[in-house]
1. With the requirement that a residue be assigned to a loop (DSSP other than H, G, I, E, B), under 24 Å from Ile134 (Cα atoms) and of a type in the set (D, E, K, R), what does the range 17-73 give you?
2. Do we find a residue being more than 19 Å from Thr7 (Cβ to Cβ), among the aliphatic types (A, V, I, L, M) and surrounded by fewer than 19 Cβ atoms within 10 Å (Cβ to Cβ) anywhere in the range 110-119?
3. Considering only the range 131-147, I want to know if a residue exists there that is free of Cβ contacts under 8 Å to residues at least 60 places away in the same chain, within 15 Å of Val11 (Cα to Cα) and assigned to a helix (DSSP H, G or I).
4. I want to confirm something. Restricting to the range 62-83 and keeping residues that are touching a residue at least 40 places away in the same chain (Cβ under 8 Å) and in contact with a strand residue (DSSP E or B) (Cβ under 9 Å, 6 or more places away or on another chain), which single residue is farthest from Ser21 (Cα to Cα)?
5. Only one residue in Leu68, Leu52 is of a type in the set (A, V, I, L, M), farther than 25 Å from Ser139 by Cα and surrounded by fewer than 17 Cβ atoms within 10 Å (Cβ to Cβ), so which one is that?
6. Which residues, taken from the range 1-11, are within 15 Å of Ala48 (Cβ to Cβ) and either among the aromatic types (Phe, Trp, Tyr) or assigned to a loop (DSSP other than H, G, I, E, B) (or both)?
7. Please specify each residue of the range 91-125 satisfying the condition of being touching a residue at least 12 places away in the same chain (Cβ under 8 Å) and not in a helix (DSSP H, G or I).
8. In the range 12-30, which residue that is closer than 16 Å to Lys50 by Cα and of a type in the set (A, V, I, L, M) is surrounded by the most Cβ atoms within 10 Å (Cβ to Cβ)?
Amino acid sequence: MTLLYDTGARVQEIIDLTPSSVRLDEPCIVKLIGKGNKARIVPLMSPAVKLLRRYMEEQDLLKNHANLFPLFFNKRKEKLTRAGVNYILTKYKNMARKKDQALIPEVLSCHCLRHSKAMHLLQAGVNLVYIRDILGHSSVQVTEVYAKVDSKQKREAIENAYTDVSPSEEPEWQKNKDLLTWLTHFNKQ
């Protein structure tokens, strides 16, 4: 799940990974094969590298003979399916929600992780061109959707935080007939 989020990969891109797609030496990267069989290189952050290295050591995937095995596999050593990845995500989502329901949204999909990564990169000030390259979008126009969503979220946040500062009842001075009479005649003298 960490690699799925960290790379902003599509589910199929994670399913198709092999140990030879991963470089754990600096600079740490993963080569993803996306839509249209287009390859892209995505940098890996050190927490993901640490987890991935430990996983690959435990699964004996760091040896040359394992280079073309699936990186992530089921009990029969076959590469995971979309359903298998969704099952794992749902399992850990439910475990996390038992500890703290506010921690994880009730509806969570693999695509939500990809979308979250894009939004986090955008909110961190990463240029749309880099986000496009990381996500493997065909053009920056596709990536601009995230910028529009971010603007909408900002507006909604402001609206939710909005406090009406206009008085809800008539001001005291408007109830004072003597004052109103004096004010009306003030400029006529």
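Just so you know, all these numbers are worked out from the coordinates, no wet-lab data involved. Bear in mind the structure is a predicted one, so any value in this text is a computation, not a measurement. We place every Cβ from the backbone using ideal geometry, glycine too, and count neighbours over all the protein chains shown.
1. From the range 17-73, those assigned to a loop (DSSP other than H, G, I, E, B) are 17-18, 24-28, 34, 38, 44-45, 59-63, 67-72; that's our starting set.
From what is left, the residues that are under 24 Å from Ile134 (Cα atoms) are 17-18, 24-28, 34, 38, 44-45, 67-68, 70-72.
Asp25, Glu26, Lys38 - these are the residues of the range 17-73 that are assigned to a loop (DSSP other than H, G, I, E, B), under 24 Å from Ile134 (Cα atoms) and of a type in the set (D, E, K, R).
2. At the first step, the residues of the range 110-119 found to be more than 19 Å from Thr7 (Cβ to Cβ) are none.
No, the range 110-119 contains no residue that is more than 19 Å from Thr7 (Cβ to Cβ), among the aliphatic types (A, V, I, L, M) and surrounded by fewer than 19 Cβ atoms within 10 Å (Cβ to Cβ).
3. No: the range 131-147 contains no residue that is free of Cβ contacts under 8 Å to residues at least 60 places away in the same chain, within 15 Å of Val11 (Cα to Cα) and assigned to a helix (DSSP H, G or I).
4. Filtering the range 62-83 for residues touching a residue at least 40 places away in the same chain (Cβ under 8 Å) gives 62, 66-72, 79-82.
From what is left, the residues that are in contact with a strand residue (DSSP E or B) (Cβ under 9 Å, 6 or more places away or on another chain) are 69-72, 79-80.
Values: Phe69: 11, Pro70: 10, Leu71: 9, Phe72: 12, Lys79: 14, Leu80: 16 Å.
Selected residue: Leu80.
5. On the way: Leu52 fails: surrounded by fewer than 17 Cβ atoms within 10 Å (Cβ to Cβ).
The match here is Leu68.
6. Of the range 1-11, the ones within 15 Å of Ala48 (Cβ to Cβ) are 1-9.
Met1, Tyr5, Gly8, Ala9, listed by residue number.
7. The answer is Leu108, Ser109.
8. Looking at the filtered set, the residue picked out is Val30.
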